[in-house]
Every structure is written in C-alpha cells, then in structure tokens.
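Asker: Sharing a structure below in structure tokens format, with a few things to ask.
The values are calculated or read from the model by the stated rules, or taken from the named source; none is laboratory data. Just so it is clear, the structure is predicted and the values come from calculations on it, not from any experiment. As a convention, Cβ positions derive from the backbone with ideal geometry for all residues, glycine included, and neighbour counts pool all protein chains shown. In case anyone asks, the SASA skips ligands and DNA or RNA and just uses the protein heavy atoms, side chains included. Shrake-Rupley method; radii C 1.70, N 1.55, O 1.52, S 1.80 Å.
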Amino acid sequence: MRPLEAGEPTAIGPYRLLGRLGSGGMGRVYLGRSEGGRTVAVKIVHPHLALDEEFRARFRNEVAAARLVGGDWTAPVLDADPEAAVPWVATGYAAGPSLTEAVREGGPLPAHSVRVLGAGLAEALAHVHGLGLVHRDVKPSNVLLTLDGPRLIDFGIARATDGTASLTATGVSVGSPGHMAPEQILGKGVTGAADVFSLGAVLVHAATGRPPFSGDSSAALLYKVVHEEPELGALDGDVRELAAACLAKDPVARPAPGELARRLAPGGAAPLVAAGWLPGPVVERVSRSAVRLLDLDTGAGEASSGPVAFDSPSGQGVFGPPDPAYAAPPPPADEAPAPPGRLSVSVAAASVPEGPDGRGRRVSCTVALAVAGALAAVTVGTVFVLGALRNDDDAMSGGDGAAQPPAATDAGRVPAAYLGTWSGRAAARDGTIPLGTFEVTLRQAEPGHRVGTVVQHDLIGNTCTDVLTLKSASAEELVATGRGAGTNGGQCAQTRHTVRLRPDGKTLRYTSDDPDAGDPKARLTRRK
C-alpha cells in the first residue's frame, strides 16, 4: 500500500481512505475504513468513464449483480454509488498479497498451494458463472492470498466496460495481454470459458513463476495466445493436465469450473485451506500485514482536508471538519458553484511547489476522456491498441518549451489580454460531470504555431496536457487546435479538437468542441 499523495481523495462516501492499494485502466483502488471500523477496498472509476452513459448503465447493472456474489473465495461488494459524479464501489478487504507479489518475492508456490489455489478459484468461478456473470480479467494481480484461502477480486467493473463506446473504439482492449482468451483477443463472443482460460494461465504462473505466454511486447503476447501453444514449464501430474485443458484454444474444449474444482479437490477447497495451505514465507507476510493494518491511524479528528464542491446530497457524509488550508479555492464572485454530484470526496493535501526542473508537483487530469489507454496490436479482423501513441511533431511534443524559443512579440497576433496563466474548475455534459481543474497558459504566437497548453487536474490523481496551436485571435475570441501532448500517460487520448476562449469581464470562457470528452467548459481566472 502506498500513502495518499497530493491531489488524491481522503474520503469517499462514508469511508475514510488510508492509502492507495493499486491502479489500472478502470480506476484506482484505495484502502478505506468505515465509521464503524470495518476495513474495505474502495475502487474509484476513472472520471472519463463517467461521461459514457452506456458505461454508467452497465456499471449500475453489474454492481447490482455483483452484490449477489457472496461465495467463499471472493471479496463481497459492501457499498457502491454508480450514480455519483465519479462512480465507486467498496468491497470487503482481504488481508494478503496478490499472487503477483507473492511469486515475485518468494518464487513459485509449492504444489499443494497451487492445487488449493486452483480449487478455490474454480469454485469461485462456478458460483459467479451461475449468477450470469463473467469476470473477464482473471489474472495474478486479481488473486489475493489470505490465510482463509484465495480471493478473486475486481468483479463487475471489467464486465461493465464491455461494449461501451469509449472502450471498444480504438482505445483499449478489455482484459490483460497474456491472460486473455483467444476469443477475447479476436473480438468474438465471450463466455465463462474465457475465465477458465485465464485461470489456466494463473495456475501456470503460480506453479512456475512465469506466465504460459511470454513476449517483449503486448502485440507478441496476443499473437502467441491466439496462435501458439502455452509454455507449461515444470508443471507435472494432473495439475499440468488440467492447466493445459484450461488453455485450449477452443472454448468448448475447456473444462467447466465445477469439474475443475472437483478434480483438484474432490472434498472441496475449504478442508484443504483449514489444514493450512500457504507456504511459511507468505503466512509470515500476511501476519505482518495484519499487524500493520491494525496499527493504521485513520486520522479521525485530524482531517487534513475538506469536501470539494460536489458533495453528496444523498446523506453520505465525509469524516472530520474541512481544513481551509487544503480546501479547493472558492470560485470567483460572479461564477456559479460547481454542479452538485453524488460523490462525497475529500482531497488530499495541496501539491508541493514545483521545482525548477518541473518536478515535485502531483497533479491530475483527463484531457482525453474517451480513451483509457493507448495500446495497439493487429490480429485477424480486430485492432487492439497496444503501445503508446507516438508523435514526432516537435510542436506536439509536450515538452517544457525550452527548445522552442517564443516568437518575437507582436501586438497584432494575440491580444495581450489573453496572455498569461488562467485556471478554473471544468465540467462536461452541460455541467453535469465535474472534470477537476483546467490550467491554461497562453503566450504570444502566430497562426499555425504553438500558443500554449491546457493542463487538466482530475479528481483522482491523473494528469493530461493538451498543446494548443493558434488558428486565429481577436479581441472577441481566440481559436486554437488542441491535441494531447506526447508525454501524456495511457489515460489520455491524442485526438485533435477545437478550443475557444472568449473574454468575459475579468474571466475567460473556455469551450472545447470535443464530443467524446463531453464538450468540456470552464470559466477561468487569471493567476496572480
């Protein structure tokens, strides 16, 4: 677990956040604690997904279905708010390392542990599939090793993204290269058999310390999954036979989860777990983690921050009083307050000052709200995005501008009233989706040249930058073409869009013709 950084929330709904457990294409996962003292894992969906109404509908349905998942080998859904400005879900916290961490630190698991692991996960999948759900992202990092047995986590969200416009366009594939079933990669219909394939890959990883398909790129991994046989390493006996059957290319040839569970543990996984199933080093680590968890200070009575402007009206509170030192800056007197949402959030301590090298500040944003990542591979009939988009245009490099001296000043190009740095809160979809803060910096330039940047700081710690190329400027309006900087992370898209800035008294009105991003709007004030 990592400590909360500047700009990250400290409370979601009724849960105080204690630290960050991990992050991925769908969002971030935090360790939280309720007012009653229960420890939970809280997953906050990336804000850009909130723009997709189909995602929201599927997320809502999947959360409702995932509440039914109460099997012995899963983490139960305890609470959720799919209607929040930024949707979230809370599940029971399982104290133990992920399979990825356990193998990385201690090597492959012994044969008995692998057998119990496979039986428990197979029983979990049999239960889940019986409810009409498909996990779609069974992988070592989604398997936790606890004293009470394995836990399969992260239900609902992977399924909720299936078929949404923002994730099935040229943006990101749903699943993890090397663990996805061939039919997932090829875009064919996905059933519970895809989870069985992924379980086979997990068994190989647990037993050998290596995945069954290896490669130096995502494209190579996907190709091998579709066209080559798995590498089973030192696996032997019936576990090797079962893993190979799970990894069959044909979904029909794979065993059902119930059959797999019976063959691995005829009497069920529970008796094997009760007799002790983890190797000594893992048990020691779990015990240390449990002690540290008990010692964690929730910070009750010492809240370091207060709620931002989109507090929940639904009665879900935040912990502790707001601290003015870390509260969001108030809007200008003539600015309407940010639209209310249903997310109750507190923001962590303010960013540290930026150093001369441009580092030291933790900010967040989602300029490209339609894409959660940029990866690409071409398979027969299907395009998957597999590597970061590259841009060799210096004007779009996203650097600090040191290598590009500013154009000679000429009052005829950009009116002086625009120049400088402006900032303000932004929203999409006519003010219904808060996007965090926009920071716009403008300098003197001629049409066709770089005139500035837009940096967005979103609500959960992401950062994206748009580079602006001037199209025209007058006293009434500045028009520029925006495009994602080459230094952006995978959550940002590089699509071009038109940005308009119009003076309005002492403020600038920002609008963007970018339907995929919800046509963001903001009112900006000049920074002193």
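Asker: Pick from Leu117, Leu147, Leu121: which is more than 17 Å from the chain's Cα centre (by Cα) and under 21 Å from Glu62 (Cβ atoms)?
Answerer: Result: Leu121 is the single residue among Leu117, Leu147, Leu121 that is more than 17 Å from the chain's Cα centre (by Cα) and under 21 Å from Glu62 (Cβ atoms).
Asker: Which numbered condition in (1) under 17 Å from Pro47 (Cα atoms); (2) open to solvent by 30 Å² or more (accessible area, probe 1.4 Å); (3) touching a Ser or Thr at 6+ places or on another chain (Cβ under 9 Å); (4) not small (Gly, Ala, Ser) is the only one that Arg496 fails?
Answerer: So Arg496 meets the others, but not (1).
Asker: Still on this structure, please answer the following. Could you give me the residue pairs with C-beta distances under 6 Å whose first residue belongs to the range 503-516 and is among the acidic types (Asp, Glu), whose second residue is assigned to a loop (DSSP other than H, G, I, E, B) and surrounded by 15 or more Cβ atoms within 10 Å (Cβ to Cβ) wherever it lies, and which are 6+ apart or on separate chains?
Answerer: As it stands, the answer is Asp516/Ala370, since those pairs meet every condition given.
Asker: Pull up the range 97-117, narrow it to residues that are over 15 Å from Val273 (Cα atoms) and touching a Pro at 6+ places or on another chain (Cβ under 6 Å), then point me to the one that is least open to solvent (accessible area, probe 1.4 Å).
Answerer: Here the answer is Leu99.
Asker: Can you tell me which residue among Gly399, Gly381, Gly448 is at pLDDT below 50 and on the phi > 0 side of the Ramachandran plot?
Answerer: Gly381
Asker: Looking at Asn488 and the list (1) surrounded by 19 or more Cβ atoms within 10 Å (Cβ to Cβ); (2) among the polar types (S, T, N, Q); (3) outside any loop (DSSP other than H, G, I, E, B), which single condition is not satisfied?
Answerer: Every listed condition holds for Asn488 apart from (3).
Asker: Might you check whether a residue that is at pLDDT below 85 and either in a strand (DSSP E or B) or within 31 Å of the chain's Cα centre (by Cα) (or both) occurs anywhere in the range 504-515?
Answerer: yes
Asker: Out of the strands (runs of 3 or more DSSP E) lying entirely within the range 1-59, which hold 3 or more residues that are open to solvent by less than 10 Å² (accessible area, probe 1.4 Å), touching a strand residue (DSSP E or B) at 6+ places or on another chain (Cβ under 8 Å) and under 17 Å from Leu144 (Cβ atoms)?
Answerer: 27-33
Asker: If you check Ala94, Ala84, which single one turns out to be free of Cβ contacts under 8 Å to residues at least 60 places away in the same chain, assigned to a loop (DSSP other than H, G, I, E, B) and open to solvent by less than 20 Å² (accessible area, probe 1.4 Å)?
Answerer: None of the other options fit; the residue is Ala94.
Asker: Could you tell me whether any residue of the range 464-487 is out of contact with any Leu (no Cβ under 7 Å at 6 or more places or on another chain) and basic (Lys, Arg)?
Answerer: Yes, the range 464-487 has at least one match.
Asker: Now, a different point. Write out, first by first residue and then by second, each pair whose Cβ atoms fall under 8 Å of each other, whose residues are 6+ apart or on separate chains, and whose first residue, in the range 49-71, is closer than 15 Å to Met26 by Cβ while the second is basic (Lys, Arg) and not in a helix (DSSP H, G or I).
Answerer: Short answer, once both residue conditions are applied: Leu51/Arg429.
Asker: Still on this structure, I have one more. Criterion first (touching a residue at least 12 places away in the same chain (Cβ under 8 Å), under 20 Å from Pro150 (Cβ atoms) and more than 31 Å from the chain's Cα centre (by Cα)) does Val202 satisfy it?
Answerer: no
Asker: Return the total of residues in the range 226-242 being farther than 16 Å from Ile185 by Cβ and open to solvent by 30 Å² or more (accessible area, probe 1.4 Å).
Answerer: Qualifying residue count for the region: 8.
Asker: Tell me yes or no: at least one residue of the range 299-309 is modelled with pLDDT of 90 or more and in a loop (DSSP other than H, G, I, E, B).
Answerer: Among the residues of the range 299-309, not one is modelled with pLDDT of 90 or more and in a loop (DSSP other than H, G, I, E, B), which makes the answer no.
Asker: Let me spell it out: the conditions are (1) within 15 Å of Gln444 (Cα to Cα); (2) touching a residue at least 24 places away in the same chain (Cβ under 8 Å), and Gln494 meets all of them except one. Which number is the exception?
Answerer: Single failed check for Gln494: (1).
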